[in-house]
Amino acid sequence: MGAPYLIGIDCGSTTAKSVVFAPDGRIAGTGQVRIPQLTKTPRHVERDMNEAWRLVAKTIRDALDDADCNGADIAGIGVTAHGDGLFLLDRSAQPLGHGIMSLDSRAFALHGEWKRSGQLDALMPIAGQRPYPYSANTLLAWIKHFEPERYRAAGTVFFAKDWLRFCLTGQIATELTEASTAFTDLHTQEYSQEILEALGLEDIASALPPMLSSCDQAGKVTAEAARLTGLLEGTPVSAGLHDVIAAAVGLGQISPGDMTVTAGTFSINEVIRDRPLVGSEWACRAGYRKGLWNCMAISPASASNLEWMARCVAPDTPDSAAMLIDSCIGRFESQRASRQIPLYHPIFSGRPSKRRQRLHFWVCNPGMTAWISSRP
């Protein structure tokens with residue numbers, strides 16, 4: 001095939017995908033696998049870090065096979081993954097417990113205390129946002145209070161993408177867009193000691209890794225990663241982007257004033273700016289390079305709702321998002337004649353600024369209402 005082909009890796013909240021791209025942008029091959037969430041403990045949504053890497057490595061092998069190429073055909077690798085949440089390493093660079101995902105809500109009570117005390121509002125001028133319940137800094141504060149031994153053992157604080165890049169390269173780092181979700185000063189776009197002190201996290205500063213720019217080369221594929229993935233040892237790996245910023249850049253949002261709307265696990269509406277703008281209804285985070293900012297309104301109520309609804313309506317459908325949706329639509333069409341009208345309130349994981357609410361799904365017909373109700 002011949003270089004320069006590229007591989008993009010995206011480890012989302014539900015699935016991991018690797019895609020081989022031709023020089024003209026054409027998709028030459030893909031690999032995809034579902035990665036399980038660990039939800040046995042109420043409000044905890046986690047991921048086995050080693051299992052996630054094993055499955056991502058499989059998607060890379062599958063993508064290379066699908067493209068009928070090998071590692072020597074790949075000129076470079078880009079990585080993204082679900083944003084926010086928290087992935088910890090100990091001082092031996094081993095996973096420190098499970099990775100915590102952005103759907104996790106264990107810290108809601110702590111977050112509520114911060115809100116009542118005014119701590120969240122006080123951080124707005126410094127951070128450009130209020131920490132969310134699933135932000136890395138909020139989760140760190142929760143761990144410090146409830147799992148102090150784990151907190152003291154932390155050697156590296158970073159994110160899902162950073163873990164995968166570490167598995168590929170053996171190099172510990174994060175990058176600007178990811179760090180800006182929890183740890184950077186709004187104006188300087190550097191780590192903020194003031195944020196850490198405001199949240200009682202100043203003693204974790206040494207565990208914050210080097211912060212790269214998104215387009216920096218962050219390392220090269222190691223011999224072990226090459227063995228697992230089929231990539232060529234020494235292939236360069238970029239620092240990558242927070243998944244929301246990566247999606248926006250892919251949609252062409254690269255200049256101030258550009259706007260995108262993303263409907264993934266989260267619903268995210270964002271506008272890129274060449275200066276920071278603070279507002280009560282959005283978060284102002286770093287853009288894909290220094291000197292740019294993304295103003296984004298975020299709600300964890302988007303595609304995950306559609307999947308839940310589809311499974312309620314079509315529980316016997318195979319585990320495929322497209323098949324689920326097709327089956328769901330088909331069943332709705334068959335109910336049209338009997339005037340059964342499905343009504344769904346899409347409040348699955350709550351709204352960041354509101355109390356979590358009960359999820360309702362109604363199937364209504366003349367004279368009768370039935371419902372399914374659950375708490376995530």
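The values are calculated or read from the model by the stated rules, or taken from the named source; none is laboratory data. For clarity, every value in this text was computed on a predicted model and none was experimentally measured. Every residue, glycine as well, gets a Cβ built from its backbone with ideal geometry; the counts of neighbours run over all protein chains shown.
Suppose we filter 181, 188 for residues that are hydroxyl-bearing (Ser, Thr, Tyr), closer than 12 Å to residue 286 by Cβ and buried (at least 22 other Cβ atoms within 10 Å of the Cβ); which single one remains?
Details: 188 fails: buried (at least 22 other Cβ atoms within 10 Å of the Cβ).
It is 181.
Tell me yes or no: at least one residue of the stretch 191-200 is touching an Asp or Glu at 6+ places or on another chain (Cβ under 9 Å), at pLDDT 95 or above and under 18 Å from residue 216 (Cβ atoms).
Within the stretch 191-200, the subset touching an Asp or Glu at 6+ places or on another chain (Cβ under 9 Å) is 191-196.
Next, from what is left, pick out any that are at pLDDT 95 or above: 191-196.
Subsequent filtering for residues that are under 18 Å from residue 216 (Cβ atoms) retains 191.
Yes: one or more hits.
Determine, yes or no, whether residue 80 is farther than 11 Å from residue 7 by Cα and surrounded by fewer than 16 Cβ atoms within 10 Å (Cβ to Cβ).
On the way: farther than 11 Å from residue 7 by Cα: yes; surrounded by fewer than 16 Cβ atoms within 10 Å (Cβ to Cβ): no.
The answer is no for residue 80.
Kindly check whether there is at least one residue in the stretch 225-238 that is touching a residue at least 40 places away in the same chain (Cβ under 8 Å), in contact with a Cys (Cβ under 7 Å, 6 or more places away or on another chain) and part of a strand (DSSP E or B).
yes
If you scan the stretch 1-43, which residues turn out to be within 15 Å of the chain's Cα centre (by Cα), assigned to a loop (DSSP other than H, G, I, E, B) and surrounded by 15 or more Cβ atoms within 10 Å (Cβ to Cβ)?
Correct list: 12, 13, 14, 35, 37.
For the stretch 281-295, which residues satisfy the criterion of being touching a helix residue (DSSP H, G or I) at 6+ places or on another chain (Cβ under 7 Å) and over 16 Å from residue 191 (Cα atoms)?
Within the stretch 281-295, 288, 294 meet the criteria.
Is there a residue in the stretch 154-161 that is over 25 Å from residue 286 (Cα atoms), crowded, with 18+ Cβ neighbours inside 10 Å and touching a residue at least 12 places away in the same chain (Cβ under 8 Å)?
yes
For residue 71, only one of the following conditions fails: (1) surrounded by fewer than 20 Cβ atoms within 10 Å (Cβ to Cβ); (2) touching a Phe, Trp or Tyr at 6+ places or on another chain (Cβ under 8 Å). What is its number?
(2)
Taking residue 252 as the residue in question, decide whether it is surrounded by fewer than 22 Cβ atoms within 10 Å (Cβ to Cβ), assigned to a loop (DSSP other than H, G, I, E, B) and either among the charged types (D, E, K, R) or more than 23 Å from the chain's Cα centre (by Cα) (or both). Talk me through it step by step, then tell me what you get.
On the way: surrounded by fewer than 22 Cβ atoms within 10 Å (Cβ to Cβ): yes; assigned to a loop (DSSP other than H, G, I, E, B): yes; either among the charged types (D, E, K, R) or more than 23 Å from the chain's Cα centre (by Cα) (or both): no.
No: the conditions fail for residue 252.
Taking the stretch 150-169 on its own, how many of its residues are in a helix (DSSP H, G or I) and among the aromatic types (Phe, Trp, Tyr)?
Of the residues in the stretch 150-169, the ones in a helix (DSSP H, G or I) are 150-153, 160-169.
From what's left, among the aromatic types (Phe, Trp, Tyr): 151, 163, 166.
Here the count works out to 3.
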